[in-house]
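Encoded as C-alpha cells, the structure appears first; notes follow it.
Throughout, read-outs are computed from the coordinates displayed, never taken from laboratory work. All of these numbers come straight from a predicted model, not from anything done at the bench. Note: ideal-geometry Cβ built from the backbone for every residue, glycine included; neighbour counts use all protein chains shown.
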Amino acid sequence: MERRFRIFRYIIYSTELLVLFVIQGIPNFIPELFGGKPSLIIPVVLTISMFEPKLTALWFGLAGGLLTDISNGGVIGFFAIIMTLCCYFISYLTSELIRTRLSVAMAISFIVVAMALSLHFLFFYVMCGYGNNGYFFVSHYLSRILYTVALTPIAYYVNRVLALRVSL
C-alpha cells in the first residue's frame, strides 16, 4: 500500500514539474519584475527534496535541473549538476539534522538560488567578457533571485501537503 502511495506521489511531483515548465515557457505569462523572471522549477525541486529520501531528491533535482537548463536555453547540464548535488544535500540535512519548516525552506532556497544564479552569471556573463557586470547583475540576476525565492512558500506548502497527505 505504501509503495502505491509513493509512486502516486512521484507522479504528482513529476506532473507538477512539467506543468511549471510549460507555464514558465509561455511568453509574457509570468510578469517580469525589475528586469527578471522567476524560475518556477527551482523552488519546487528544493522543497520536494526537503520531504523525500536522498535518492528520490537526487533524481528530482536532476530532472528539475535539466528542465531549468532547457528553459534557459543555455548549456545543458549546468543547473542539472547544481540542483542534483543541492537536492541530495538538502534531503540529507532535513532527514538527519534540521527540521522542515517554512523558515528553513526560505533560507535554503535563498542560499541555493543565490549560489546557482551567481555561478551562472559568473560562468556565462563575466567569463565571456561582457561589460557592465555590476549593473547587469543588479538589474537582471538580483531581481530573478529575489523573485524566485519569493515563490518558495507556495512550493513549500503544496509539496508539504503532498508529502504528508498522499503518504497516508
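Of note:
- Ordering Thr15, Thr84 by the number of other Cβ atoms within 10 Å of each residue's own Cβ, fewest first, gives Thr15, Thr84.
- Fluctuation leader among Phe110, Phe21, Phe34 - the chain, Gaussian network, Cα springs under 10 angstrom: Phe34
- Environment charge of Ser143, counting only residues whose C-beta is closer than 12 Å and scoring Lys/Arg +1, Asp/Glu -1: +1
- The region of the chain that goes longest without hitting one of the trypsin sites (Lys or Arg not before Pro) in a DSSP loop, each with at most 15 other Cβ atoms within 10 Å, is 1-98.
- Whole-Å distance, taken between Cα centres, linking segment 19-82 and segment 121-168: 9
- Options (1) 42, 16, 11; (2) 26, 20, 12; (3) 28, 16, 15 - which one matches semi-axes √(5λ) of the Cα gyration tensor in Å as calculated here: (3)
- Helix runs (DSSP H) in the chain reaching 20 Å along axis by Cα, Kyte-Doolittle at least 1.6: 102-121
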